[in-house]
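Visitor: Encoded as structure tokens, here's the structure I'll be asking about.
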Amino acid sequence: MDFDKVTIKDVAKKASVSIATVSRYLNNPASIREDKRKRVKKAIEELNYKPFTFARKLAGGNLNIYGLIIPGYEDIFYSFYAMEIIRGVGMALDKYGIDLHLHIFTGKDSFDVSLVDGIIFADIINNESQLKRLFETKKPIVVINKKIDDLDVSYIAINNFKGAYEATEFLIRHNHKRIAHLAGALNVQCALDRLDGYKAALTKNKIEIKNEYIKITNFSRRIAREKLEELFSLKEPPTAIFCCSDDVASEVLVYCEEKNIKIPEDISVVGFDDNPNCIYGDILLTTVRQPLTKMASLGVETLRDIIKKKISPPVKIILDTELAVRDTVTFL
């Protein structure tokens, strides 16, 4: 048999069932009896049958494809965050036998909603109009890593404010008062929340917020290095630095090693992410662990449940962070 020309009729004949039964299996395997389900599954595998996805869509079935939209930014494919989200979403989809349609938004809204059953947005950065357009199509949507207040859309977000607050207060409890913050891009909600958490911890502990200790890095190691030069040129340089990400914190560690600045004796450092790359080497980074894989998995599960009408949107979930205490903080 020419396997490239196998049809649903061939599968039905081999499994001794009707074409309608095979069609129901493809769209919802649980809708047919177990004995028939096993026969159809076996026939599909033996015949290497690959249903034409868009024909199934025209017949009223699901494509079994979910979209993942990620805002494009500098070094996205070197980003721990982006890779964890893609990996987490991909693994969760694979568990359910669902394919991934990855779309990187770089300023042009070209996403074709007809290609997917539902959409996961991995944050919203300068693509608010895209979210609104796709929301108006009534296509099921879940946003991860950002709270959405102006649309009735489901989201899974992380409590970045609390994570930053606890990291800064941890430094304060180690007697640090001159605490700098290498902030992310301030058009990104998580970066704003981390900056706000840092400021709130200082305020609560009656420590003056000094603008010269707050440097915007846009999550870039290159810019972080420039800002470190500024911080260490101050008349009173910081004794501790809270970083917007582990990538930025890693640049602090490299910079300090080059300049013979001892960590944590001369400067204490806290990151944000819990990137595994930061727990190898001579010094292990103290950081804020955020549950990226859990957030990605929950995003998939929530979207799937909405598509299957098991739950009604909007679903709103906030996940907590955890401080991972290691080697880079000490008492003054």
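Visitor: With (1) buried (at least 24 other Cβ atoms within 10 Å of the Cβ); (2) within 22 Å of the chain's Cα centre (by Cα); (3) of a type in the set (Val, Ile, Thr); (4) over 26 Å from residue 115 (Cα atoms) as the list, and residue 188 as the residue in question, which single condition is left unmet?
Guide: The number of the failed condition is (1).
Visitor: For the stretch 163-177, which residues satisfy the criterion of being touching a residue at least 60 places away in the same chain (Cβ under 8 Å) and surrounded by fewer than 17 Cβ atoms within 10 Å (Cβ to Cβ)?
Guide: Across the stretch 163-177, the qualifying residues are 174, 175, 177.
Visitor: Tally the residues that are touching a helix residue (DSSP H, G or I) at 6+ places or on another chain (Cβ under 6 Å) and among the charged types (D, E, K, R), restricting the search to the stretch 194-224.
Guide: 4
For every residue, the table says whether it meets (1) closer than 13 Å to residue 271 by Cβ; (2) touching a strand residue (DSSP E or B) at 6+ places or on another chain (Cβ under 6 Å); (3) at pLDDT below 95.
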| site | (1), (2), (3) |
| --- | --- |
| 182 | yes, yes, no |
| 219 | yes, no, yes |
| 232 | no, no, no |
| 244 | yes, yes, no |
| 249 | yes, yes, no |
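Visitor: Related question: Kindly list the number of the only condition in (1) under 22 Å from the mean Cα position of the chain (by Cα); (2) surrounded by fewer than 16 Cβ atoms within 10 Å (Cβ to Cβ); (3) outside any loop (DSSP other than H, G, I, E, B); (4) not polar (S, T, N, Q) that fails for residue 182.
Guide: For residue 182, the exception is condition (2).
Visitor: In the stretch 215-252, how many are in a helix (DSSP H, G or I), within 27 Å of the chain's Cα centre (by Cα) and crowded, with 21+ Cβ neighbours inside 10 Å?
Guide: 9
Visitor: Next question, about the same structure. Across the stretch 115-138, what is the total count of residues that are over 29 Å from residue 191 (Cβ atoms) and free of Cβ contacts under 8 Å to residues at least 12 places away in the same chain?
Guide: 1
Visitor: Output the residues belonging to the stretch 29-49 that are in contact (Cβ under 8 Å) with a residue 24 or more places away in the chain and either closer than 9 Å to residue 15 by Cβ or part of a loop (DSSP other than H, G, I, E, B) (or both).
Guide: The answer is 39, 40, 42, 43, 44, 48, 49.
The values are calculated or read from the model by the stated rules, or taken from the named source; none is laboratory data. Values in this document were obtained by computation on a predicted structure and should not be read as measured data. When we count neighbours, we look across all protein chains shown, and the Cβ atoms used for this are built from the backbone with ideal geometry, even at glycine.
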